[in-house]
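The values are calculated or read from the model by the stated rules, or taken from the named source; none is laboratory data. Model, not experiment: these values are computed from the prediction. Cβ placement follows ideal geometry from the backbone for every residue including glycine, while neighbour counts extend to all protein chains displayed. Please note that ligands, DNA and RNA were not included when accessible areas were found on the heavy atoms of the full protein model with its side chains. Shrake-Rupley method; radii C 1.70, N 1.55, O 1.52, S 1.80 Å.
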Amino acid sequence: MVKSIGIKKIKTAIFISGRGSNFLNLMKFSQKKMSPIEIICVISNNSKSKGLYYAKEFKIKKKIFDFNGTNISDQRILLFLKKNQIKLICLAGFMKILTKNFIQKFNGKIINIHPSLLPKYKGLNTHQRAIDNKERFSGCTVHFVNSSLDSGKIILQKRIKISKNDNSFSLAKKILKKEHILYPQAIKKLFSSL
Ligand code: GRF
């Protein structure tokens, strides 16, 4: 593996469920010379995910799986990933919980972005909860995925100030901007020693 000239980039799959702004952002990042990753495919549990349109734009594979938590479902997804030699999975607004079995098979190779300063505010509705608790700061976190929700080892975080006028929408918007900076940074950090 060669660091920045990217002779051999890490084959990556992105998992999404919706809008896909982080997917688009990672797609653009992956096309830079210094990026350690190459995005091979986007996978979703939801055929109506808006983000799936970007697959066409960037001419990468897209695939829908139902992620129903059964062994058969896991095997189908794992087989697809194996066939495509995927070595890293980036969750980006992916709303399904992966099974323990799936996470074990891909141990240490699944990362996620979460819109809070973990370990605070795991799960959903993070912005409103931070505002309701009168937090002065919020932010976003990129972390490894393990079998407890939003609890894996933290790779990188970015903090922002919550202003008095912020509501959950304005805060989400501010944090999303930071997410788009953080996710590529975290990936670079992860592979900087290679
Ligand atoms: C982001 O805020 C991400 O942190 C969270 O879900 C949102 C997905 O947004 N997990 P997008 O689909 O990447 O635009």
Residues that are in a helix (DSSP H, G or I) and either touching a helix residue (DSSP H, G or I) at 6+ places or on another chain (Cβ under 6 Å) or of a type in the set (Phe, Trp, Tyr) (or both), drawn from the stretch 79-104:
PHE80, ASN101, PHE102
Looking at the stretch 65-91, which of its residues are among the β-branched types (Val, Ile, Thr) and surrounded by 14 or more Cβ atoms within 10 Å (Cβ to Cβ)?
ILE77, ILE86, ILE89
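Would you confirm whether any residue within the stretch 12-27 is modelled with pLDDT of 95 or more, among the charged types (D, E, K, R), part of a loop (DSSP other than H, G, I, E, B) and open to solvent by 90 Å² or more (accessible area, probe 1.4 Å)?
Of the residues in the stretch 12-27, the ones modelled with pLDDT of 95 or more are 12-27.
Subsequent filtering for residues that are among the charged types (D, E, K, R) retains 19.
Adding the requirement that they be part of a loop (DSSP other than H, G, I, E, B) leaves 19.
Of the ones still in play, those that are also open to solvent by 90 Å² or more (accessible area, probe 1.4 Å) are 19.
The answer is yes, given that some residue of the stretch 12-27 is modelled with pLDDT of 95 or more, among the charged types (D, E, K, R), part of a loop (DSSP other than H, G, I, E, B) and open to solvent by 90 Å² or more (accessible area, probe 1.4 Å).
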Give the stretch 92-131 a look and list any residue that's open to solvent by 80 Å² or more (accessible area, probe 1.4 Å), within 11 Å of the ligand (Cβ to nearest atom) and closer than 21 Å to PHE65 by Cα, or say none.
MET95
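Select from the stretch 132-151 the residues that are of a type outside the set (Val, Ile, Thr) and in contact with a Gly (Cβ under 9 Å, 6 or more places away or on another chain) and write down the one among them that is surrounded by the fewest Cβ atoms within 10 Å (Cβ to Cβ). Quick ask: steps written out before the conclusion?
Of the stretch 132-151, the ones of a type outside the set (Val, Ile, Thr) are 132-140, 143-144, 146-151.
Of the ones still in play, those that are also in contact with a Gly (Cβ under 9 Å, 6 or more places away or on another chain) are 143-144, 146, 149-150.
On the way: HIS143: 22, PHE144: 17, ASN146: 17, LEU149: 13, ASP150: 18.
Of everything passing the filter in the stretch 132-151, LEU149 is surrounded by the fewest Cβ atoms within 10 Å (Cβ to Cβ).
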So which pairs qualify, if the first residue must be in the stretch 8-32 and under 15 Å from LYS48 (Cβ atoms), the second must be part of a helix (DSSP H, G or I) and among the basic types (Lys, Arg), the Cβ gap must be under 8 Å, and the two must be at least 6 apart or on different chains?
GLY18/LYS50; ARG19/LYS50; GLY20/LYS50
Which residues, counting only those in the stretch 161-194, are within 27 Å of ILE97 (Cβ to Cβ), away from the ligand (no atom under 13 Å from the Cβ) and either without any contact (Cβ under 8 Å) to a residue 60 or more places away in the chain or part of a loop (DSSP other than H, G, I, E, B) (or both)?
GLN185, LYS189
Within the stretch 11-36, track down each residue that is in contact with a Cys (Cβ under 8 Å, 6 or more places away or on another chain) and more than 11 Å from the ligand (Cβ to nearest atom).
THR12, ALA13
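Can you find even one residue in the stretch 52-59 that is touching a residue at least 40 places away in the same chain (Cβ under 8 Å) and open to solvent by 40 Å² or more (accessible area, probe 1.4 Å)? Even if it seems obvious, please write down each step before you answer.
Initial filter on the stretch 52-59 (touching a residue at least 40 places away in the same chain (Cβ under 8 Å)): none.
No, there is no match, as no residue in the stretch 52-59 is touching a residue at least 40 places away in the same chain (Cβ under 8 Å) and open to solvent by 40 Å² or more (accessible area, probe 1.4 Å).
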